[in-house]
Amino acid sequence: MKMLIMGAPGCGKGTQSEILAKTLNIPTISTGAMLREAIAKGTEVGKEAAMYINDGKLVPDNTIINVVLDRVAQDDCKNGYILDGFPRTLAQAEAMEKAGIKTDVVLMIDVDKDVIIKRLAGRRVCSKCPATYHITDNPSKSGDKCDVCGAPLITRDDDNPETIKHRLEIYAESTAPVIDYYGDKVVKVKSVGTVEETTKSILKALGI
Ligand code: AP5
Ligand code: MG
């Protein structure tokens, strides 16, 4: 299964792709997470990405395309993968197709704007592993520590009201049109309930 997960910032792409990756036994590749890791390590890509991410802007196409092409060429992707947050522009979608990277299905998680703001405002992430929480809707059992690895929970630098506003504008301008590009490969799921309820709706819509 070669799946793309798309949807507005905070719709639940990361949360659902981690769950689906375990169910389907394939890796999840989050471009946002890869860029944050590159920033933390201080690599060249990280230094460039920081200038864009902290303003809520997209990282230049060429930079992110090369990162993704290298990643999907790795051995663990040969039976499939879930791409979370890529492609985000038509140029990225076209580059992917040109490189022969196939897509079986595009899962689009649809969430109302007021719910998105609530989800992003209350998000906490682990400072060490990919685990993601929400202060009221999906809290850590250990308070301000990660249930998976015990590391402290933090707020993402781009989860502040001004950057969130900018990310939502960029999504509407540059990323929403990419969904039309995939035509009948798109499976749209409305996320109205809990994480578990949304997973159920997704599995049903995908016929899994
Ligand atoms: P990225 O990290 O991908 O950010 P994003 O698209 O803005 O999406 P988020 O990660 O914020 O949200 P999500 O949909 O994963 O939601 P989550 O599961 O965490 O990208 C960051 C930046 O990197 C971009 O702005 C850009 O600069 C750069 N970048 C990345 N990819 C790029 C690309 N291809 N090209 C160029 N630049 C790129 O859930 C959110 C919260 O809601 C959590 O607290 C969660 O616990 C909670 N939650 C989830 N589901 C539910 C539910 N059903 N009920 C209640 N709470 C829920
Ligand atoms: Mg995410």
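Laboratory data are not the source of any read-out in this text; all were calculated from the coordinates shown. Quantities reported herein were computed from a predicted structural model and do not represent experimental measurements. We place every Cβ from the backbone using ideal geometry, glycine too, and count neighbours over all the protein chains shown.
Quick notes on this one:
- Counted residues, the stretch 95-127 - those being more than 25 Å from Lys190 (Cβ to Cβ) and more than 16 Å from ligand 2 (Cβ to nearest atom): 8
- Any chance Lys141 is surrounded by fewer than 12 Cβ atoms within 10 Å (Cβ to Cβ), touching a residue at least 60 places away in the same chain (Cβ under 8 Å) and either touching a Lys or Arg at 6+ places or on another chain (Cβ under 9 Å) or not in a helix (DSSP H, G or I) (or both): no
- Spans of strands (runs of 3 or more DSSP E) in the stretch 1-113 with at least 3 residues near ligand 1 (Cβ under 10 Å from one of its atoms): none
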